[in-house]
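First comes the structure, then the notes that go with it.
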Amino acid sequence: MRWKPSHGHVPRGFLGAAGSLTEIELVLVFAEPGDPHDGETHNGLRSAYSYATYAFETGKDQFHRNVRAILDSCWPELSFEEQMKKVWMTESVLCSAKRECGSVSAAATGECGRRYLIKQLELMPHALVVALGRKAQDRLRSIGFTDYLPASAVAPPGCNFSGARESWARIPVELRRK
């Protein structure tokens, strides 16, 4: 795991819950944050949250554009700001892996899962939880959380695999059923 705020490495990758917890209908769980963008630095969690807002709002890269497409498919009539009241997005591990897309130790994933991830999910028992990618799915199962919709990763390379977009198309369908 990496901790270097001057280079953008802080716990990050979470966004949403801009209203009350009861308004949240959807929780998106990703693997772990990728490497920070060029020039991305943080002085704490507030700056990480602000940067995530900017990145999703502007569609900074393919990952952010794919997530925006999912949000727009769930709530096409709502603005980004309004969507942020209905969703909580988080990482199964909040810190970057030593190498982008690389493995994270079982000890780190277990600790992060027990300390942070499961506690976040417990705050929103009414929401549809979607595990985006195999890492997120495996990590949820490892902490005993199995009530989720599996879908393909939204970051490269997984987002480019056959069937990825079709798996994301199930999200608004399941959300309407909930």
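Is it the case that some residue within the range 149-169 is within 22 Å of Ser20 (Cα to Cα), at pLDDT 95 or above and more than 13 Å from the chain's Cα centre (by Cα)? Checked against the condition, which is being within 22 Å of Ser20 (Cα to Cα), at pLDDT 95 or above and more than 13 Å from the chain's Cα centre (by Cα), the range 149-169 yields no hits at all.
Please verify whether Glu174 is farther than 21 Å from Leu94 by Cα, in a helix (DSSP H, G or I) and in contact (Cβ under 8 Å) with a residue 40 or more places away in the chain, treating the condition exactly as stated. So Glu174 fits the description; yes. Applying the set (1) under 26 Å from Pro157 (Cα atoms); (2) free of Cβ contacts under 8 Å to residues at least 60 places away in the same chain; (3) part of a loop (DSSP other than H, G, I, E, B); (4) touching a helix residue (DSSP H, G or I) at 6+ places or on another chain (Cβ under 7 Å) to Asp38 leaves exactly one unmet item: (4). For the residues Val93, Val87, Val154, the requirement of being within 15 Å of Glu32 (Cβ to Cβ), touching an Asp or Glu at 6+ places or on another chain (Cβ under 8 Å) and either in contact (Cβ under 8 Å) with a residue 60 or more places away in the chain or not acidic (Asp, Glu) (or both) singles out Val93. Annotation: of all residues in the range 13-27 being farther than 15 Å from Thr53 by Cα and in contact with a strand residue (DSSP E or B) (Cβ under 8 Å, 6 or more places away or on another chain), the one that is surrounded by the fewest Cβ atoms within 10 Å (Cβ to Cβ) is Glu25.
Look at (1) of a type outside the set (A, V, I, L, M); (2) surrounded by fewer than 20 Cβ atoms within 10 Å (Cβ to Cβ); (3) out of contact with any Gly (no Cβ under 8 Å at 6 or more places or on another chain); (4) at pLDDT 95 or above and you find that Ser50 fails only one, number (4). The number of residues in the range 121-152 being in contact with a helix residue (DSSP H, G or I) (Cβ under 9 Å, 6 or more places away or on another chain) and over 22 Å from Lys86 (Cβ atoms) comes to 8. Summed over the range 100-134, the residues that are modelled with pLDDT of 95 or more and outside any helix (DSSP H, G or I) give a count of 11.
The values are calculated or read from the model by the stated rules, or taken from the named source; none is laboratory data. Given the structure is predicted, the values throughout are model-derived calculations rather than measurements. As a convention, Cβ positions derive from the backbone with ideal geometry for all residues, glycine included, and neighbour counts pool all protein chains shown.
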